[in-house]
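These notes are about the structure you will find just below.
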Amino acid sequence: MGSSTALHTSAPPTALDAAALRADFPILGQQVDGSPLIYLDSAATSQKPRAVIDAEVGFLTRANSAVHRGAHTLAGEATELFEDARAAVAGFVGAAPEQLAWTAGATAGLNLIAYSLGNATAGRGGVASQALALRPGDEIVVTESEHHANLIPWQELAARTGAVLRHIPVRDDGTLDAEAAASVVSSRTRVLSFPHVSNVLGIVNPVAELVALGRAAGALTVLDACQSAPHLPLDLPALGVDLAVFSGHKMLGPYGIGGLYGRAEVLDAMPPFLTGGSMITTVTLDEASYLPPPQRFEAGTQPVSQAIGLAAAVRYLDGIGMDAVRAHETLLERRMRDGLRAIPGVRLLGDADGVARLALSAFDVDRVHAHDVGQFLDARGIAVRVGHHCAQPLHRRFGITASVRASASVFTTEAEIDALVEGVSEVRAFFGVDR
Ligand code: PLP
């Protein structure tokens with residue numbers, strides 16, 4: 001669509017040269033059905049720069065060994081690289097190394113938290129953890145915009161403890177209903193867990209306000225930073241949340257690795273979820289005592305090469321500079337939303353203006369199923385996500401079962417956004433529903 005280009009000719013240049021960065025991502029060189037690949041599915045999983053692939057391969061070919069055990073040279077090197085990786089990833093989110101436990105990803109991190117609170121409720125973890133115990137009638141609050149990963153673990157915890165699960169509603173424009181939030185969160189709230197950015201709406205939620213609400217209620221605040229970590233400068237201690245989770249594979253890093261961040265006193269009070277090797281001090285046949293955090297939450301052999309790959313990913317992002325990433329993606333966001341919202345028959349989910357957003361838009365095309373839109377775009381080499389994006393309650397709230405989601409990354413160019421907009425603008429004519 002020519003009009004969307006015209007809207008942006010005066011946009012200021014950014015420090016980031018996306019076209020040049022593309023050379024760092026081997027996968028982007030390929031064609032799909034004769035068209036260059038336009039990868040707009042980074043919210044599902046990000047592509048990996050060569051630096052990440054090389055870091056993992058380099059570790060596996062030169063230093064692979066079990067960490068924290070063994071007196072041999074390789075074990076020492078591997079342990080050093082593993083703990084350096086922890087420091088790098090913790091630093092990326094503003095935290096100290098001991099505030100970061102490795103997990104398998106955001107889903108694993110959220111389940112870890114919910115199961116740990118369940119164990120505290122069951123009396124595990126001693127006196128310190130009793131402050132985290134839930135009693136029947138206590139409340140857990142989430143939002144209507146949750147990814148299932150930040151919903152189902154809390155449903156299960158509520159079922160196990162007799163707590164009540166409540167939610168903060170989403171308004172028609174996609175923002176959280178602040179007035180409702182102020183009444184849903186009360187002195188009964190023990191946990192307030194919410195996404196930094198919904199993986200469907202792309203809106204950056206008002207973390208400071210929500211944390212203040214949670215704190216005033218005496219609740220534990222949990223942030224799902226899965227979508228924000230690759231796109232925003234992140235300082236978790238400054239945000240004031242008690243706990244936060246993120247996934248490596250969404251932030252240019254490997255699969256099977258993620259982070260659980262916590263305030264020191266909260267992590268200290270949390271009983272372990274998984275138990276076994278590497279997280280203990282003393283074990284007898286009858287009982288065991290546990291290491292302090294973060295090792296208390298790292299039972300079993302850890303994803304060492306993945307941790308090293310994730311450290312390479314955050315170093316890569318830091319090398320670009322998260323302010324530059326944010327500035328580039330803000331331009332893409334405006335271009336994508338302005339272009340899509342101008343197309344007749346296209347409805348953006350949560351189209352609020354005047355709020356901070358990521359370059360991520362989910363939309364519905366009138367009388368064309370999301371899967372058909374996805375296939376139509378795929379024939380032009382454009383990869384988008386279709387379906388409910390693991391957010392069924394949010395789709396139900398907007399009266400649909402599926403949507404199309406386009407999500408950008410550091411390597412996305414404005415020309416690619418224009419190709420998306422042009423493709424979507426032709427969908428209804430192709431399916432004969434534009435009359
Ligand atoms: N939270 C949000 C907001 C997400 O977008 C996702 C993944 O799409 C998750 C949690 C779960 O992440 P993972 O599947 O990497 O555990």
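The values are calculated or read from the model by the stated rules, or taken from the named source; none is laboratory data. Keep in mind that what you see is a predicted model, and the values were worked out from it rather than measured. All Cβ positions, even for glycine, are placed from backbone atoms using ideal geometry, and neighbour counts span all protein chains on display.
Brief remarks on what is shown
- Per-region count, region 82-117, residues more than 22 Å from the chain's Cα centre (by Cα) and either at pLDDT below 95 or surrounded by 22 or more Cβ atoms within 10 Å (Cβ to Cβ) (or both): 1
For (1) more than 26 Å from the chain's Cα centre (by Cα); (2) over 17 Å from Val127 (Cα atoms), each residue gets a yes or a no:
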| position | (1), (2) |
| --- | --- |
| Tyr255 | no, yes |
| Gly262 | no, yes |
| Ala269 | no, no |
| Pro272 | no, no |
| Gly276 | yes, yes |
| Ser289 | yes, no |
| Pro294 | no, yes |
| Ala299 | no, yes |
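- Evaluation of Val355 against (1) over 15 Å from Val427 (Cα atoms); (2) within 15 Å of the ligand (Cβ to nearest atom); (3) surrounded by fewer than 21 Cβ atoms within 10 Å (Cβ to Cβ) (one fails), failing number: (2)
- Scan of region 252-284 for residues that are assigned to a loop (DSSP other than H, G, I, E, B) and in contact with a Leu (Cβ under 7 Å, 6 or more places away or on another chain), ordered by number: Leu252, Gly253, Pro254, Ile257, Met270, Phe273, Met279
- Hey, Ala19 in a helix (DSSP H, G or I), under 26 Å from the mean Cα position of the chain (by Cα), of a type outside the set (Val, Ile, Thr) and within 15 Å of Met251 (Cβ to Cβ) or not: no
- Residue within region 392-400 that is touching a residue at least 60 places away in the same chain (Cβ under 8 Å) and buried (at least 24 other Cβ atoms within 10 Å of the Cβ) present: yes
- Candidates are the residues of region 106-118 that are over 13 Å from Asp224 (Cβ atoms) and among the hydroxyl-bearing types (Ser, Thr, Tyr); the one that is nearest to the ligand (Cβ to nearest atom) is Tyr115.
- Only one of Leu232, Leu201, Leu192, Leu213 that is part of a helix (DSSP H, G or I) and either buried (at least 22 other Cβ atoms within 10 Å of the Cβ) or within 16 Å of the ligand (Cβ to nearest atom) (or both): Leu213
- If you go through region 51-68 and keep only what is loosely packed, with under 14 Cβ neighbours inside 10 Å and without any contact (Cβ under 8 Å) to a residue 40 or more places away in the chain, you end up with Val57, Thr61, Arg62.
- Residue in region 119-137 that is within 16 Å of the ligand (Cβ to nearest atom), at pLDDT 95 or above and of a type in the set (Val, Ile, Thr) present: no
- Taken over region 367-390, the residue count meeting the criterion of being in contact with a Lys or Arg (Cβ under 7 Å, 6 or more places away or on another chain) and either surrounded by fewer than 19 Cβ atoms within 10 Å (Cβ to Cβ) or assigned to a loop (DSSP other than H, G, I, E, B) (or both) is 2.
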